[in-house]
Amino acid sequence: MTHAIRFNKTGGPEVLQWETVDVGAPAAGEVAVRHHAVGLNYIDTYHRSGLYPVPLPSGLGLEGAGVVVAVGEGVSDLVPGDRVAYAGGPLGAYSEVRNLPAHRVVKLPASLSFEQGAAMMLQGLTAQYLLRRTYRVQPGDTVLIHAAAGGVGLIACQWAKALGATVIGTVGSDAKAELARAHGCEHPIVYTRENFTERVREITGGAGVPVVYDSIGKDTFMDSLRCLRPLGMMVLFGAASGPVPPFDLGLLNTLGSLFVTRPSIAAYTAKREDLLAMANELFDVVGSGKVRVEINQRYALKDAAQAHRDLEARRTTGSTILLP
Ligand SMILES: NC(=O)c1ccc[n+]([C@@H]2O[C@H](COP(=O)([O-])OP(=O)(O)OC[C@H]3O[C@@H](n4cnc5c(N)ncnc54)[C@H](OP(=O)(O)O)[C@@H]3O)[C@@H](O)[C@H]2O)c1
């Protein structure tokens, strides 16, 4: 028997329970992984609260790193003892040991620790597809990244800078502004105090930016559209302040033939070859030192509820891991 965080009903962090579970042997096509570290992500709060409905009772969490302890029938490219990490797949990463489909798992390079693996797979692969595929950042671009001091934010700021972009980032406090600045964000804006649309117009000499990466949602979406230059790309990839309500598509015309997309890591990593190529690019950019993965909070896995409280109260910066 091992332990896992599970929940029987949606709600606040208090619904998360530390339970004894019987994992069983991996099924065909699965591997069993003993976690050394588990990643905390904002999406975990959407699953817990019911914003993204899941069948209950359920496990939680989409990201972890550890060692393969058993493989199911038909798994040929992984063996017990392999160091691995993953992002996505069925919920259940908040656990000591779990089974998951082998095709979701990648081998972790020897140069990367389990903690780094658990901290960066989901947020780093997200930064990869946002900057390299959704809107391909070009040298000389000026881009706007919301929640610049967060998990995705710190990785995306560094990566965008490494690609030759000038980064404007929004943050909730002066301390976060300094942190973002130290990670490649040349123009941090404290959006709880400053009007970020006006600041973006000032910084870009009135031109606007070619892309906004917006994970805040309801509170920032409309103003984000007004930061774009004509034919600009609005990338709405999260809802930390709540989901964006329906809006008049005619606005995209009047603001300059804008594009809007609502991407998810699940779609971008659905094909195994894409997942592997994305992971390799992430491992390269971290291995080269261009992107540092900042693990600024660590919690015992059984204290996941407190980690959720801190994340939702905007008390965290960078990445957070849970330790079994
Ligand atoms: N679509 C995808 O594929 C994908 C994948 C990964 C993550 N995401 C999204 O990306 C976002 C960032 O994820 P993360 O795990 O790296 O989290 P995070 O950015 O570390 O934490 C969320 C941050 O959002 C900001 N925020 C602004 N308004 C908020 C509000 N009303 N309530 C709470 N936070 C608020 C806070 O920063 P400030 O205090 O600086 O404002 C907070 O620290 C999330 O929205 C997540 O859902 C999407």
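The values are calculated or read from the model by the stated rules, or taken from the named source; none is laboratory data. Quantities reported herein were computed from a predicted structural model and do not represent experimental measurements. Methodologically, a virtual Cβ is constructed for each residue, glycine included, from the backbone with ideal geometry; neighbour enumeration extends over all protein chains shown. These accessible areas exclude ligands, DNA and RNA; they are computed on the full protein's heavy atoms, side chains included. Shrake-Rupley method; radii C 1.70, N 1.55, O 1.52, S 1.80 Å.
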Item to check | Peptides ranked, highest mean first, by Cβ atoms within 10 Å: ranges 114-125, 155-166 | outcome: 114-125, 155-166
Checklist entry - Counting alpha carbon pairs within less than 8 Å and at least 6 residues apart, what relative contact order, in whole percent, applies to the stretch 60-168? => result 22
Item to check | Net charge over other residues, Cβ less than 14 angstrom from the Cβ of GLY172 (K, R count +1; D, E count -1) | outcome: -2
Next on the checklist: Using only the Cα atoms of the stretch 74-198, what are the Rg and Dmax in Å?
Outcome noted: 17.5, 57
Checklist outcome for this item: Under the Karplus relation with 6.51, -1.76 and 1.60 and θ = phi - 60°, whole-Hz ³J(HN,Hα) for the stretch 276-287, x at Gly and Pro, equal 5, 5, 5, 5, 4, 5, 5, 4, 5, 5, 6, x
Checklist entry - Quick one: ranking LEU62, LEU255 by accessible area, 1.4 Å probe, largest first, what do you get? => result LEU255, LEU62
Next on the checklist: Taking amide H atoms as placed 1.01 Å from N in the peptide plane, list the residues 5 or more away in sequence, or in a different chain, whose amide H sits under 5 Å from that of VAL23.
Outcome noted: THR2
Checklist outcome for this item: Ranked by GNM mean-square fluctuation in the chain (Cα springs under 10 Å), the top entry among ALA239, ALA313, ALA180 is ALA313
Checklist entry - What is the Cα coordinate range of the chain on the first, second and third principal axes, sorted by size from largest, in whole angstrom? => result 60, 39, 37
Item to check | Hits among aspartates and glutamates - C-alpha to C-alpha of LYS302 under 14 Å, sequence gap 8 or more where chains match | outcome: GLU14, GLU19, GLU96
Next on the checklist: As an exercise, identify the GluC sites (Glu not before Pro) in the stretch 1-79 lying in DSSP coil whose Cβ has no more than 15 other Cβ atoms within 10 Å.
Outcome noted: GLU73
Checklist entry - Relative contact order (percent) for the stretch 6-106, with alpha-carbon contacts under 8 angstrom and 6 or more residues of separation? => result 35
Checklist entry - For the chain, what is the percent of antiparallel DSSP beta bridges, rounded to the nearest 5? => result 55
Checklist entry - For PRO243, what charge total do you get from the other residues with a beta carbon under 13 Å from its beta carbon, if Lys and Arg give +1 and Asp and Glu give -1? => result 0
Next on the checklist: Using 31 Å as the Cα-Cα cut-off, could you pick out the over-long pairs in LYS107/LYS161; LYS107/LYS176; LYS9/LYS161; LYS107/LYS218; LYS161/LYS271?
Outcome noted: LYS107/LYS176; LYS9/LYS161; LYS107/LYS218
Next on the checklist: Which three numbers, in whole Å and largest first, are the semi-axes of the equivalent ellipsoid of the stretch 273-323 derived from its Cα gyration tensor as √(5λ)?
Outcome noted: 27, 13, 10
Item to check | Orphan Cys of the chain, criterion: no other Cys C-beta under 4.7 Å | outcome: CYS227
Next on the checklist: Counting only other residues whose beta carbon sits under 13 Å from that of ASP22, what net charge do I get with K and R as +1, D and E as -1?
Outcome noted: 0
Checklist outcome for this item: Karplus ³J(HN,Hα) for the stretch 77-86 (6.51 cos²θ - 1.76 cosθ + 1.60, θ = phi - 60°; Hz, whole; x = Gly/Pro) runs 9, 10, 9, x, x, 5, 8, 9, 8, 7
Next on the checklist: For Cα pairs less than 8 Å apart in space and 6+ apart in sequence, what is the mean separation divided by the residue count of the chain, i.e. the relative contact order in percent?
Outcome noted: 18
Item to check | Cα pair count fraction exceeding 25 Å, expressed as % - the stretch 168-324 | outcome: 44
